[in-house]
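Everything on this sheet refers to the single structure shown next.
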Amino acid sequence: MARQTEIVSTRKPRRYAPRGLAIGFCFVVAGGILFLAIFGPLLAPQDPNAQHLQDVLAGPSSQHWLGTDSLGRDVFSRTIVGAQLGVLGPLVIAVGSFAIGNLLGLWAGYRRGWVDSLVMRWVDLMWSVPTLLVLVVAAGAVGASYWLAVGLLVILSAPFDTRIIRGVVMEQVPRPYVEAARTVGVSGRRIVFLHIWPNVAPVAIANSFLVFASSLVALAGLSFLGLGAPPGTPDWGLMLSESQAMLFVNPVATLAPALMIVVTATVANLIGDWFDEYLTSRMGAT
Amino acid sequence: MDWKDWATFVSKRLAALVVLFVVLSFVTFALMYVSPGTVVDVLLAGRPRSAATVHALNVEYHLDKPFMVQYWMWVRDALRFNFGSSIQTTLPVTDEIKARLPTSLLLGVYAYVLTMVSGIGLGVLAAFRNKRAVDRVVVAGTVVGLSMPSFVAGVFLLFVFAVQLPWFPAFGKGDGGLDTLWHLTLPAVALAMTSAAYVLKHTRAAVLGVLQQDYVVFARARGLSNGRVIRVYVLRNALIPILTISGVLFSYLIVGGVLVEMTFSIQGIGQLLVQSATAKDLPMLQGVVLLVSAVIILVNLLTDVVYLIADPRLRLKHG
Amino acid sequence: MAAGGLDAVLTVRDLRVAHIDGPSSRTLVAGIDLTVRAGETVGIVGESGSGKSLTARALTGLLASNLSATGQAVFEGRDLLSLSEREWRTVRGRGIGLVLQDPFTMLSPTMRCGDIIAESLPPGRRSTRTRRAEVLRRLVEVGIEDESVMDRYTFQLSGGMRQRVGIAAALARNPSVLIADEPSTALDVTTQKEILELMTRIQADRGMALILITHDLRVAFAMCDRVHVFYAGSVVEVGESKELDALPLHPYTLGLLQSEPPVDHRVAKLVTIPGAVPRPDDVVDRCSFAARCQWSSEVCTSAAPPIREISAGRLTACARIDEIEDELREARQLVSVPASKRGFERAGTTIISAQAVSKVFGGSGQKVVALDSVSIDVGEGESVGLVGESGSGKTTFARLTVGLESITGGHLLIDGIDVRDWRALKRADLRRLRQTVQMVFQDPYSSLNPARSVGWTLAEAVTTHAPDTRSVERRVGELLASVGLSPDDAQRRPAVLSGGMRQRVAIARALAAKPRILVCDEAVSALDVSVQAQILNLLTSLRDDQGIGYLFVTHDLSIVRQVTDFIYVMSRGRVVESGMTDDVLNAPQDPYTIKLMESMPRPDGAWLGR
């Protein structure tokens, strides 16, 4: 039936993405953190693992900008070098789970049937599992390891991606443009990758940033519990737990890694939201 | 949906639950074997090895029996809440859990209340003040809240409210009653922060979505009072999608709880979990894992039932 | 405008609605005058973007927060546009009621129908029993006698029933003015007539004033005493229904009347309005219709012409009406001349041949019979209509012919190939079938991939069928030209195209395979009337030029009348009547066809028993 499509409201709710200056700032910060992750060891003014035992638990000074920890290591240098583990693991997880999630999501959402039910059973099972709990138990049973945690997080994050992408794909499949491609005689593979995927991509890409942020937090948490990065490694989560006791003595040493975790995760979340809105509006999709 | 449909629904779910429990218990039991070294090594955990201790372990854990029989005996004990005794303390696992459970539960409930009150309250407020100053501040706070893990939040709170302004104690669970609540306030706030941000984000989106619906416009067009429109139309319809996220919310709280208990040195289940993982205290680990998974599964079942009650569309789909 | 008279209940002067986005504002409604007298039915007619729904929202204080309304709207001695939200609540429902277009979204899914009506009743304490009795009385007023409806949720009711419940709720506080915004557009034609009859009856019984907003001139003429024609945010013409129908005094009204295919006879060629509706903001300083008007001159583009009274109750915004009135009169009379009867015989080769085809959805559980032993033929170069309401199975049949579904019984032969299961076909057969039958979908807004340019979409269609095409670009250009678009349009994305242009692209995509039959599934029903006529003419000319045959799937008998030779009428999965289009429509035999014919809107009060 003819439905009049009149503009009654032009408001578009849902996400709240930063604009203009704010997003520019986000990109600058993200670029800075990425730069530290790549060139951190070259930039650090001091050896992050060198122990200055005569200078333990010092406050900020010209030599140690953020003071030293309980072993006399330079907190500033450790914070900079910490960017490496802070970014690397989450990056691997985001990319890995993006790949798995997109393939499974497209497959399950387009083919439906037994593939779909199988994938969804797995997703449902993983969905309500508290991620960190699995990591802790695994560490308890097998021993603590950063890369084991990264591997587990890929498996635990992929259902998250899969579920979201499957949902978006299922919204797209009954749309007339997909049916039109089918009646024109376009092959199934072309329809999935060249027709449907570009319309799913904004959500998928935005979601990867969220996965990045949440795995950053999870890995930091695991290290905080002493079950992630090995003792002594410059890792933000580990630094936080090692220096928590010094909160009364040298709070800066505690707050620096904490701030890095929050800033990195926040920036990733904001860029993700922005990407979604930008890509969607560029397409002019409904 | 009459009682018959309810019965089928619940029994189907219960059947699935039993299957899930069997799988879970098996995985949990198998942890012992996944661990590097023989089971006896694991159970000895560095204690001096002698013929007597090894024999005692063999008897206690039925290690001389085949794998499946061991599993069966373990499950039979577990069903009677007997998980053996801790390697660290040699006390029964159940006793240790029992001693710590109330604190963790209290912390969880405290944080849950904070989450719901502030998450839904601020979410609705932000949606109604869409794009105004209040909304922008709340939304900005949400992004930071979502990006701030509970242990980081805990450290910040400690720094401000225990170090700079010594209003709250820095650790411990207090001596019961109000003192406990007072001790648990900072941990609960730290724990609620992420989940509240999550609830807030979804509430805001759901309320904004509902506000755009024709049925809200039509309700206002009939001259219904604002209060009624908000209660009966906006909240009723917006909170249904909020229910669907409670499963995720719950796992947020559990994960956060572990970290918060460590941050604030609270003797709860989370701390017990981490301690036993660090010390490779497998019997203890198994007990805690089974307990936590049981709670998660039951909460999810409860959520499904509530969801079904709240949304007549699901309930009456086949009616 | 006539001062409105003493009996005016609602007087609107220079109503403007603007979209406010920070410092900038964009005009959506540009100065509307409207007078409603007690007990009168006033029509607001316009295409999408004309501002008619916004006017309804403004008059009930329900504009979105980023829209602002200025001007004056006097109701019961108060200016509505200056009311506070608290004051509005005393007007809404009690003074002015509003019924929305879509009964499927208008009622909350979590409430029972009885509660929806009960909460809308005038405030005051009532016992449970009196409240129930009152709700029941209200339901009876809208033609629902079944008491159990009170305890049902809205999603358990049909569209027509929901709209009745909606009307009862809107009337619960006994408003003196009811605004109905496209109250029947989302419904089937037979239900539409029932709802319109119901509203006519209630309006007369209550002596209430009714503002009917619709895109359908025939409906407006049948129901309303006076009609306002809206175009791009302003009123272009006002007059009594009969007078407006007989002699439009604005070129746009004339164009609308000419574009509307008549149901009782075929016209030689539909007259169309070129171009598309502009955005109100772009035409605030000129006659909004100037760009599409054949009589446009300098006067029309130098300033926005004010609406002025020509004779008692007759107003137009055409600045040149004195000069062109005779031409309008002549053109209006021309439309009514029927075309000569087209000679036609079903002699050509049959391309689609369906013998006792059935289609059942659902596996072992609940089964839904969509098609029940349906036999339909479509021959080379024929134009065949498939008519029915939603649920008749007409769309399912269309989908069977292009491989979106497979039959579950009977025989379906397409170009001699037995199509039992589309997935089991040989590659070569499938290829031949694609080049035999192609489809144009209903919704031009979603039948093109939003992520891809027009050129990409067409190039894909071209290379899918002829992978060795040497100059794909040239072929795309040819396709665009064949549907009246420019080759430059290839670079554009669907989002920037109007509905009509998108549908042209969709047709071009289907033509890429050089099909012999084009299946058009409600291909024009989502378009505005003026654009609809353009597309129908395009399809007719494609048939004349390239000999393409059509299977027109539609609910609209007047379209069928204009473009088909032979029709099948479907109801509940069965063909109830078939024959030459003119024969069937002139003398329908089956009771369902007769009812369908009677339900087609006619621009005459008698149609609704007024």
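The values are calculated or read from the model by the stated rules, or taken from the named source; none is laboratory data. Computed from a predicted structure; not experimentally measured. Positions of Cβ are backbone-derived with ideal geometry, glycine not excepted, and every protein chain shown enters the neighbour counts.
At-a-glance table
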item: Among (1) in contact (Cβ under 8 Å) with a residue 60 or more places away in the chain; (2) facing another protein chain (nearest Cβ under 7 Å) - the single one A:Ala268 does not satisfy; result: (2)
item: Qualifying position, being closer than 29 Å to A:Gly237 by Cβ, surrounded by fewer than 20 Cβ atoms within 10 Å (Cβ to Cβ) and of a type outside the set (A, V, I, L, M, F, W, C), among B:Pro166, B:Pro149; result: B:Pro166
item: Selected residue (only one of C:Gly499, C:Gly484, C:Gly477 is within 27 Å of C:Gly275 (Cα to Cα), at pLDDT 85 or above and facing chain A (nearest Cβ under 9 Å)); result: C:Gly499
item: Scan of the stretch C:371-402 for residues that are surrounded by 22 or more Cβ atoms within 10 Å (Cβ to Cβ), over 30 Å from C:Ser158 (Cβ atoms) and among the small types (Gly, Ala, Ser), ordered by number; result: C:Ser383
item: Qualifying residues in the stretch B:32-53 (those that are surrounded by 14 or more Cβ atoms within 10 Å (Cβ to Cβ) and away from every other protein chain (no Cβ under 14 Å)) - the one farthest from the chain's Cα centre (by Cα); result: B:Thr53
item: Cross-chain or 6+ apart pairs with Cβ under 6 Å, the stretch B:108-134 first and surrounded by 14 or more Cβ atoms within 10 Å (Cβ to Cβ), then polar (S, T, N, Q); result: B:Thr115/B:Ser195; B:Ile120/B:Thr203; B:Gly123/B:Thr203
item: Helices (runs of 4 or more DSSP H) completely within the stretch A:165-244 that count 3 or more residues being among the β-branched types (Val, Ile, Thr); result: A:176-184, A:197-224
item: Condition broken by C:Ser234, with the remaining ones in (1) under 26 Å from C:Gly31 (Cβ atoms); (2) touching an Asp or Glu at 6+ places or on another chain (Cβ under 9 Å); (3) of a type in the set (Ser, Thr, Tyr) satisfied; result: (2)
item: Subset of the stretch C:458-474 [within 14 Å of chain A (Cβ to nearest Cβ) and over 23 Å from C:Val531 (Cα atoms)]; result: C:Ala459, C:Glu460, C:Ala461, C:Val462, C:Thr463, C:Thr464, C:His465, C:Ala466, C:Pro467
item: Residue in the stretch C:510-518 that is part of a helix (DSSP H, G or I) and surrounded by 23 or more Cβ atoms within 10 Å (Cβ to Cβ) present; result: yes
item: Residue in the stretch A:122-136 that is free of Cβ contacts under 8 Å to residues at least 60 places away in the same chain, at positive phi and not in a helix (DSSP H, G or I) present; result: no
item: Where a residue in the stretch C:444-457 is more than 7 Å from every other protein chain (Cβ to nearest Cβ) and its partner, wherever it lies, is hydrophobic (A, V, I, L, M, F, W, C) and in a loop (DSSP other than H, G, I, E, B), with Cβ under 7 Å and at least six apart; result: C:Pro444/C:Ala526; C:Thr457/C:Leu448
item: Subset of the stretch A:251-284 [assigned to a helix (DSSP H, G or I) and small (Gly, Ala, Ser)]; result: A:Ala253, A:Ala256, A:Ala258, A:Ala265, A:Ala268, A:Gly272, A:Ser281
item: Strands (runs of 3 or more DSSP E) contained entirely in the stretch C:347-455, each with at least 3 residues that are farther than 30 Å from C:Ala490 by Cβ and small (Gly, Ala, Ser); result: C:350-361, C:368-379
item: Top-ranked residue in the stretch A:130-148 [being aliphatic (A, V, I, L, M) and within 7 Å of chain B (Cβ to nearest Cβ); ranked as surrounded by the fewest Cβ atoms within 10 Å (Cβ to Cβ)]; result: A:Val142
item: First in the stretch A:216-232 and more than 11 Å from chain B (Cβ to nearest Cβ) and surrounded by fewer than 24 Cβ atoms within 10 Å (Cβ to Cβ), second anywhere and part of a helix (DSSP H, G or I) and not charged (D, E, K, R), Cβ under 7 Å, 6 or more apart; result: none
item: Close pairs from the stretch B:22-48: first touching a residue at least 60 places away in the same chain (Cβ under 8 Å), partner basic (Lys, Arg), Cβ under 9 Å, at least 6 apart; result: B:Ser35/B:Lys280; B:Val42/B:Lys280; B:Ala45/B:Lys280
item: Selection status of B:Leu157, under 25 Å from the mean Cα position of the chain (by Cα) and of a type outside the set (D, E, K, R); result: yes
item: All positions within the stretch B:174-201 that are polar (S, T, N, Q) and over 27 Å from B:Asn130 (Cα atoms); result: B:Thr180, B:Thr185
item: Wholly enclosed helices (runs of 4 or more DSSP H) of the stretch B:185-282 bearing at least 1 residues surrounded by 24 or more Cβ atoms within 10 Å (Cβ to Cβ), without any contact (Cβ under 8 Å) to a residue 24 or more places away in the chain and touching a strand residue (DSSP E or B) at 6+ places or on another chain (Cβ under 7 Å); result: B:214-221
item: Residue among A:Val192, A:Val154 that alone is surrounded by fewer than 24 Cβ atoms within 10 Å (Cβ to Cβ), within 14 Å of chain C (Cβ to nearest Cβ), farther than 18 Å from A:Gln84 by Cα and among the aliphatic types (A, V, I, L, M); result: A:Val192
item: Selection count where residues are out of contact with any helix residue (DSSP H, G or I) (no Cβ under 6 Å at 6 or more places or on another chain) and buried (at least 24 other Cβ atoms within 10 Å of the Cβ), scope the stretch C:519-533; result: 5
item: Residue list for the stretch C:245-264, restricted to those being within 16 Å of the chain's Cα centre (by Cα), among the aliphatic types (A, V, I, L, M) and within 18 Å of C:Gln294 (Cα to Cα); result: C:Leu256, C:Leu257
item: Those residues of the stretch C:112-146 which are without any contact (Cβ under 8 Å) to a residue 24 or more places away in the chain, over 24 Å from C:Leu196 (Cβ atoms) and either in contact with a strand residue (DSSP E or B) (Cβ under 7 Å, 6 or more places away or on another chain) or assigned to a loop (DSSP other than H, G, I, E, B) (or both), in sequence order; result: C:Pro123, C:Gly124, C:Arg125, C:Arg126, C:Ser127
item: Single unsatisfied condition, C:Val560 versus (1) touching a helix residue (DSSP H, G or I) at 6+ places or on another chain (Cβ under 8 Å); (2) within 14 Å of chain A (Cβ to nearest Cβ); result: (2)
item: Residue within the stretch C:465-476 that is in contact (Cβ under 8 Å) with a residue 12 or more places away in the chain, in contact with a Lys or Arg (Cβ under 8 Å, 6 or more places away or on another chain), on the phi < 0 side of the Ramachandran plot and not hydroxyl-bearing (Ser, Thr, Tyr) present; result: yes
item: Candidate set: the stretch C:54-104, residues that are surrounded by fewer than 16 Cβ atoms within 10 Å (Cβ to Cβ) and at positive phi; chosen: the one nearest to the other protein chains (Cβ to nearest Cβ); result: C:Glu76
